[in-house]
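Participant: This is the structure I want to talk about, given as structure tokens.
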Amino acid sequence: MTTQPLPAEPQPPPYLVGLNDAQRRAVEAIDGPVLVLAGAGTGKTRVLTTRLAHLLASGVARPWNILAVTFTNKAAREMRARVANIIGPSVEQVWLGTFHALCTRILRRHAEMVGLKSNFTILDTDDQIRLLKQVLEAEGIDGKRWPARVLMTVIQRWKDRALPPEKVGAADAGDLAGGKLPAIYAAYQQRLKTLNAADFGDLLMHTVQLFTAEAEVLAQYQRQFRYLLVDEYQDTNVAQYLWLRLLAQGRHNICCVGDEDQSIYGWRGAEIGNILRFETDFPGACVVRLEQNYRSTPAILAAASHLIAHNRDRLGKTLWTEAEAGDNVKVMAVWDGEDEARRIGEEIESLQRKGLGLGDMAILVRAGFQTREFEERFITLGLNYRVVGGHRFYERLEIRDALAYLRVVNQPDDDLAFERIVNTPKRGIGQTTVQTLHKLARGRGVPLLMAASAIAGTDELKPAARRALSGVVEDFARWRAMTDGVGAADLAQTVLDESGYTAYWQQDKSAEGPGRLENLKELVRAIGEFESLASFLEHVSLVMDTDDVDPAQQISLMTLHAAKGLEFDTIFLPGWEEGLFPHPRALDESGNAGLEEERRLAYVGLTRARRRAFITHAANRRIHNMWQSSLPSRFVAELPTDAIEVEAESGLFGGAAVGGGFGSAFEPRPAAWLPQPRRQAPLIEGRAVPVSPSRSGGFAAGARVFHQKFGYGTIRAVDGDKLEIEFEHAGTKKVMDSFVSTA
């Protein structure tokens, strides 16, 4: 009797081979709502692309029945390419793209229903600002007091919440534009429709309005899109959330992939609550946790997991890995920012000697101004570097503008610098005036500044331009006269303040505004390290003279926000101190919610590391040109002792290097142990000391003083090295104490 062989077990499709159990559950959970909680480094992208391929390969959906949403065009291209490798060109018929791209596709089909034509124009940021300026002018709003860029930021936040003008209440607007911002918003929207145009915020808001008002249109897309896939769900704003919910109401076959522990964009409208309440929004949802990490060592994962566990607003997951143990996370205490850059530079050189490449290393900072000291140090060491997501420090817009002012103060013949800032910020000196200056300068063979001085006393220019130009000439003459009497840093601060350039960025309420102000303060701090303005400008010229190098041969410098989605063998995390990280602005504006987002940012930073991570914190740091004694960030104390190695210099935070625990090592001692800042006054425990070497202060409220520009006055308030003085003829002014004398 012949024994029949047992039938072979069916083999899974090739695209499922290699998935771990959790990944495969996420791919094969086809029916009903699915939330995939994908921890850092757990193969999220592979799950997304494989799930999309599985829907097509298994025949449960045709390509046009799938809507797949990403946040970036790069992510959409990558997903499309990966799926094409699995199932072929049919992926081209899938509705796959960013929120804005997909909404544009829908709106062009139904534009008339939202008051547009199908060939509507999508305005970029510059066009939006220009249009809003026209509206402000028509409404009689002072554009200097209420800059268009500031008001546009508020309007876009309303659009992120899918709030058209008629749904914006008085409480939402406050006193912006004198309480008229809702009316300005309405007029702006009307102008857009007149121009047959939409801005980026409109693309989502109009689509939500379309689906809400036109039931048949919504039903059409609900029937078409049998399956929805959403990437980075933790980063969705209110409008995106509403759009997805409306589409998912038909079949409830929505799969959202995200990680609440990596929600770090609350400042630009992201709502972490969207992912936290997924199971409430979609009862009976299948929740799959991807917890096996394929990126980092156990020590790095332990440190990151222990840290993020201190957050309350999370769904929870426990990352683990089969990778080898690896080194513990090293926590280094240093004297100051300069010492921090030196120590990290030494670590980088040590890793290089072991054969590691610069392209596999990155430094992740909380604030952009932190990069300057590293850039300076790397140039000294001859280490190639690149700034990711931005410019090198001295190449940034606000720094170039500030340097142009200082170049003219130092060298009045510098026409290129003068032309750059003669109308920055805007003073009413237009292109016609500049052309007139060039003509006169060429005719007389003199620099532009000298030509401006000559022409300001004639009738060749209109009165407004003549007054503005005369003011610029007088300003530069006054600043140049100060060069021998004050320190270079004080001079730079005066130039930035009196020129209106500091106020220009203070009025900018966009997301970039605060960072630009921090960079300007860091510039002033950098100038304070040099004997003169001339020596600093010469240094900058040499620093900026660098050659382009292959990115694979450069260490990457970037902010923590810019690092999301990236990974490196070695990560350096400087500046883990109270007052810097968590960032005080986040705490002031959002309280505990801001603190939790800052902790998520720390978690993102740690989980970028594949093999090793270094955290540094300084006992001193100059912030806003003031020396401050610093305590380690609370995030340092939240790291697990068995996953870290603590290293401190002798006498710093308790003495000898400490491993495996903090205890007394992180209890600050009296001021005697603090380092003496180079060429600066000593630190005083509990308060900052001004950097300026020109004066020691000593002024008190009520004292009578004299200022060379404003005359006699009485001090009303003292804020560090800044005095608020009521002058007899000039009114109340804020001035540096080094510019006044006792009357």
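Every read-out reported here was derived from the displayed coordinates using simple, explicitly stated rules and does not represent laboratory data. Not measured: the values here are computed from a predicted model. Cβ atoms come from the backbone with ideal geometry, glycine included; neighbour counts cover every protein chain shown.
Participant: Amide H to amide H, which residues 5 or more places from Glu577 or on other chains are under 5 Å from it, using H placed in the peptide plane?
Facilitator: Ser633
Participant: In sequence order, what are the phi-derived ³J(HN,Hα) couplings for the stretch 568-573 according to the Karplus relation 6.51 cos²θ - 1.76 cosθ + 1.60 with θ = phi - 60°, rounded to whole Hz, with x for glycine and proline?
Facilitator: 9, 4, 10, 10, 10, 10
Participant: Would you work out which of Leu580, Ala563, Asn592 lies farthest towards the positive end of the dipole of the stretch 549-598? Charges go on Cβ: Lys and Arg +1, Asp and Glu -1.
Facilitator: Result: Ala563.
Participant: For the stretch 317-377, which GluC sites (Glu not before Pro) are in a loop by DSSP, counting at most 14 other Cβ atoms within 10 Å? Each step should come with its number before you reach the end.
Facilitator: Numbers: sites: Glu322, Glu324, Glu338, Glu340, Glu346, Glu347, Glu349, Glu373, Glu375, Glu376; in loops: Glu322, Glu324.
Answer in residue order: Glu322, Glu324.
Participant: Quick one: which residues, 5+ away or cross-chain, put their amide H under 5 Å from the amide H of Thr559? H built at 1.01 Å from N.
Facilitator: Val365
Participant: Here's another thing I want to ask about it. Whole-Å semi-axes of the stretch 284-426's equivalent ellipsoid, largest first, each the root of 5 times a Cα gyration tensor eigenvalue?
Facilitator: Values: eigenvalues 354, 103, 36 Å².
Equivalent-ellipsoid dimensions as semi-axes: 42, 23, 13 Å.
Participant: Let me ask something additional. Note down the nm distance, to one decimal, between modelled labels 7 Å out along Cα→Cβ at Thr212 and at Val446.
Facilitator: With each label placed 7 Å out from Cα toward Cβ, I get 6.4 nm.
Participant: Follow-up. For Thr45 and Glu324, FRET efficiency with R0 = 22 Å and r from the beta-carbon atoms, rounded to 0.05?
Facilitator: 0.35
Participant: For Cα pairs less than 8 Å apart in space and 6+ apart in sequence, what is the mean separation divided by the residue count of the stretch 240-316, i.e. the relative contact order in percent?
Facilitator: 32 percent
Participant: Looking only at the stretch 113-153, which residues have a backbone nitrogen under 17 Å from a spot 7 Å from the Cα of Gln190 in the C-beta direction?
Facilitator: What the label zone holds, given the 17 Å backbone N cut-off, is 115-116, 131-141.
Participant: Set the Förster distance to 22 Å, then compute FRET efficiency between Ile30 and Arg108 from the Cβ-Cβ distance, nearest 0.05.
Facilitator: 0.10
Participant: Follow-up. Measure off 7 Å from each Cα along the Cα-to-Cβ vector at Asn20 and Glu346, then give the distance between these two points in nanometres to one decimal.
Facilitator: 3.8 nm
Participant: Mind checking the angle between helix 371-381 and the chain's longest principal axis? C-alpha axes, 0 to 90 degrees, to the nearest 10.
Facilitator: The two axes meet at around 80 degrees.
Participant: Another question about this same structure. Would you please give the residues with an amide H less than 5 Å from that of Arg622, counting only those at least 5 places away or on a separate chain, with H modeled from the backbone geometry?
Facilitator: The list, which skips near neighbours in sequence, is Gly337, Gln628.
Participant: Let me ask you something else. For all pairs of alpha-carbon atoms in the stretch 214-352, what percent lies in each bin of width 5 Å, listed from the first bin to the last filled one?
Facilitator: Over the stretch 214-352, the share of Cα pairs per 5 Å bin runs 2, 8, 13, 14, 13, 13, 11, 9, 6, 5, 3, 2, 1, 0 percent.
Participant: Could you give the length gained on full extension between Ala700 and Ala170, defined as 0.36 nm per residue of separation minus the Cα-Cα distance, in nm?
Facilitator: 186.5 nm
Participant: On a 0 to 90° scale, report how tilted helix 148-160 is relative to the longest principal axis of the chain, with both axes built from alpha carbons and the result rounded to the nearest 10.
Facilitator: The angle comes out at about 20 degrees.
Participant: Shape of the stretch 302-354 from its Cα gyration tensor (a ≥ b ≥ c, root eigenvalues): rounded if a/c is under 1.5, otherwise prolate when a/b > b/c, or oblate? All intermediate terms of the calculation are to be shown ahead of the outcome.
Facilitator: Details: a/c = 4.16, a/b = 1.64, b/c = 2.54.
Cα axes put the stretch 302-354 in the oblate bin.
Participant: Taking the Cβ-Cβ separation of Glu728 and Lys439 as r and a Förster radius of 56 Å, what is the calculated FRET efficiency to the nearest 0.05?
Facilitator: According to the calculation, E is roughly 0.80.
Participant: Let me ask something additional. Per the helix-only calculation at 222 nm, which mean residue ellipticity applies to the chain, given -39500 (n - 2.57) for every DSSP H run of n ≥ 4 and division by its residues, nearest 500 deg cm²/dmol?
Facilitator: Taking each H run of at least 4 residues, the total per residue is -12500 deg cm²/dmol.
Participant: Related question: Which whole-number percentage describes the relative contact order of the chain, with Cα contacts under 8 Å and a sequence gap of 6 or more?
Facilitator: Here the relative contact order equals 14 percent.
Participant: Given the convex hull of the Cα atoms of the chain, what is a quarter of its surface area in nm²? Show your work: numbers first, answer last.
Facilitator: Numbers: hull surface 165.2 nm².
Directional mean of the projected Cα hull area for the chain stands at 41.3 nm².
Participant: Taking 8 Å as the Cα distance limit and 6 or more residues as the minimum spacing, I'd like the relative contact order of the stretch 146-268 as a percentage.
Facilitator: The value is 25 percent.
Participant: Hey, another quick one. Rounded, prolate or oblate: which fits the stretch 273-318 when a ≥ b ≥ c are the square roots of the eigenvalues of the alpha-carbon gyration tensor, with rounded for a/c under 1.5 and prolate only if a/b beats b/c?
Facilitator: It comes out oblate by the Cα gyration axes.
Participant: Obtain the nm distance between the two label points defined at Gln224 and Thr458 by a simple spin-label model: each point lies 7 Å from its Cα along the Cα-to-C-beta direction.
Facilitator: Going from the Gln224 label point to the Thr458 one covers 6.6 nm.
Participant: So, one more: Could you give the length gained by full extension between Glu279 and Gln11, i.e. 0.36 nm per residue of separation minus their alpha carbon distance, to one decimal place?
Facilitator: Once the chain is fully extended between Glu279 and Gln11, it gains 93.1 nm.
Participant: Find how much the distance from Met482 to Thr121 grows on full extension, using 0.36 nm per residue of separation minus their present alpha carbon separation; answer in nm with one decimal.
Facilitator: Net length gain for the segment: 124.8 nm.
Participant: Could I ask something else about it? Given that compact globular proteins tend to follow 2.2 N^0.38 Å, what is the ratio of the alpha-carbon Rg of the stretch 50-184 to that value?
Facilitator: Ratio of Rg to 2.2 N^0.38 Å for the stretch 50-184: 1.45.
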